[in-house]
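To start, the structure under review is shown below, and the notes come after it.
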Amino acid sequence: MKKVYVTLLALLFGASHLFAQSDNSVRMGIKLAPNLAWVRSDTKGLESDGTIVGYSFGLMMEFPFGANGNYRFASGLFLNNIGGKSTYSTATPADTTGLTANILRNSTVNLRYIEVPVTMKMMTNEIGYMRYYGQLGVDLGVNIRAKSDAETVTTTGGSVRSTTEDDIDVKESVNAFKAGLVIGGGLEFNFSGSTSAVAGITYHSGFTNLFKKDSFNGVDNAKTFADYIELTLGVFF
């Protein structure tokens with residue numbers, strides 16, 4: 001894990017050196033962003049079953065380029081908590097009598113990532129004390145924690161049995177690397193000098209498989225993705 005931290009920090013400071021040739025100064029700030037997250041499924045029989053509330057926080061960095069600084073390479077280093085709810089069902093022979101056990105599994109997964117966004121930010125000129133922006137790019141994340149709460153309902157003939165498990169460590173079932181599309185927009189309000197408050201809405205859509213191939217019993221090659229919408233709140237200093 002130490003190698004991951006070193007690699008991410010090297011990426012940020014390498015980008016700082018690359019873009020520091022502009023006449024505009026590099027900006028740094030902090031962000032706290034609550035989010036609404038869900039697991040998107042592209043596999044028959046495996047369905048998204050609701051959202052959970054998460055959050056991210058960390059360091060924002062921007063490297064302006066061009067004559068007026070309206071175009072910026074925007075990145076940072078964040079700790080991101082997301083997840084979602086899913087449900088799937090399977091049917092298996094229960095015993096030699098020919099009965100079939102119908103198994104319904106409901107789970108809520110909570111995931112934690114170290115993330116580095118790689119985005120382009122396009123800003124308007126200042127209008128009063130306001131500047132408006134749009135943002136497009138990708139986010140790159142490394143999973144450091146994965147926990148799940150699960151309920152299994154087994155129906156055999158007329159018999160129904162339900163079991164629950166809480167706080168299951170499912171890190172081995174989650175792919176270590178995550179990448180996704182980032183698209184968003186918002187505004188900045190300048191207080192004084194280089195100090196500005198940021199508010200915006202950002203949509204993150206995963207395009208790498210969230211879980212490993214055989215993570216769901218009875219579902220072959222499941223394809224699931226991590227999506228979320230976050231309310232970006234931050235300050236540049």
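For every residue, the table says whether it meets (1) among the hydrophobic types (A, V, I, L, M, F, W, C); (2) surrounded by 15 or more Cβ atoms within 10 Å (Cβ to Cβ).
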position	(1), (2)
L140	yes, yes
A146	yes, yes
S173	no, yes
G186	no, yes
K213	no, no
N221	no, no
F225	yes, yes
Y228	no, yes
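Condition check ((1) within 19 Å of G200 (Cβ to Cβ); (2) among the acidic types (D, E); (3) modelled with pLDDT under 90) across all residues:
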| residue | (1), (2), (3) |
| --- | --- |
| D23 | no, yes, yes |
| L36 | yes, no, no |
| D49 | no, yes, yes |
| L59 | yes, no, no |
| S86 | no, no, no |
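For segment 199-214, does any single residue satisfy the condition of being more than 30 Å from N68 (Cα to Cα), without any contact (Cβ under 8 Å) to a residue 24 or more places away in the chain and basic (K, R)?
Within segment 199-214 (the criterion being more than 30 Å from N68 (Cα to Cα), without any contact (Cβ under 8 Å) to a residue 24 or more places away in the chain and basic (K, R)), the answer is yes, since at least one residue qualifies.
Which residues, taken from segment 112-131, are among the hydrophobic types (A, V, I, L, M, F, W, C) and either in contact with a helix residue (DSSP H, G or I) (Cβ under 9 Å, 6 or more places away or on another chain) or outside any strand (DSSP E or B) (or both)? Before the answer, list the steps.
Looking only at segment 112-131, we keep the residues that are among the hydrophobic types (A, V, I, L, M, F, W, C), and these are 114, 116, 118, 120, 122-123, 127, 130.
The answer is I114, V116, V118.
Would you point out the residue of segment 98-111, among those that are more than 14 Å from the chain's Cα centre (by Cα), part of a strand (DSSP E or B) and not hydroxyl-bearing (S, T, Y), that is nearest to G200 (Cα to Cα)? Show your work before the answer.
Restricting attention to segment 98-111, the residues satisfying the condition of being more than 14 Å from the chain's Cα centre (by Cα) are 98-108.
With part of a strand (DSSP E or B) added as a condition, the list becomes 100-108.
Adding the requirement that they be not hydroxyl-bearing (S, T, Y) leaves 101-106.
Working: A101: 48, N102: 45, I103: 42, L104: 39, R105: 36, N106: 33 Å.
Result: N106.
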Selection over segment 60-95 where residues are farther than 25 Å from V109 by Cα, among the hydrophobic types (A, V, I, L, M, F, W, C) and surrounded by 15 or more Cβ atoms within 10 Å (Cβ to Cβ) yields a count of 7
Residue check, T156 against (1) closer than 30 Å to G66 by Cβ; (2) in contact (Cβ under 8 Å) with a residue 60 or more places away in the chain; (3) more than 18 Å from the chain's Cα centre (by Cα), all met but one. Which one?
(1)
Sole miss for K171 among (1) within 25 Å of E230 (Cβ to Cβ); (2) touching a Phe, Trp or Tyr at 6+ places or on another chain (Cβ under 9 Å); (3) not β-branched (V, I, T) is condition (2)
Among the residues of segment 66-78, is any out of contact with any Asp or Glu (no Cβ under 9 Å at 6 or more places or on another chain), over 13 Å from P117 (Cα atoms), free of Cβ contacts under 8 Å to residues at least 24 places away in the same chain and outside any strand (DSSP E or B)?
no
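If a residue must be modelled with pLDDT under 90 and part of a strand (DSSP E or B), how many such residues does segment 212-237 contain?
Just the residues of segment 212-237 that are modelled with pLDDT under 90, to begin with: 212-223.
If we keep only those that are part of a strand (DSSP E or B) as well, we get none.
Of the residues in that region, 0 qualify.
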Only one of T163, T155 is touching a Ser or Thr at 6+ places or on another chain (Cβ under 6 Å), part of a strand (DSSP E or B) and hydroxyl-bearing (S, T, Y); which?
T163
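Determine which member of the set G29, G76, G45 is of a type in the set (G, A, S) and either farther than 24 Å from G134 by Cβ or in contact with a Cys (Cβ under 8 Å, 6 or more places away or on another chain) (or both).
On the way: G29 fails: either farther than 24 Å from G134 by Cβ or in contact with a Cys (Cβ under 8 Å, 6 or more places away or on another chain) (or both); G76 fails: either farther than 24 Å from G134 by Cβ or in contact with a Cys (Cβ under 8 Å, 6 or more places away or on another chain) (or both).
Residue meeting the stated conditions: G45.
The values are calculated or read from the model by the stated rules, or taken from the named source; none is laboratory data. On a predicted model such as this, the values are computed, not experimentally measured, just so you know. Because the Cβ atoms are built from the backbone with ideal geometry, glycine has one as well, and the counts that use them run over all protein chains shown.
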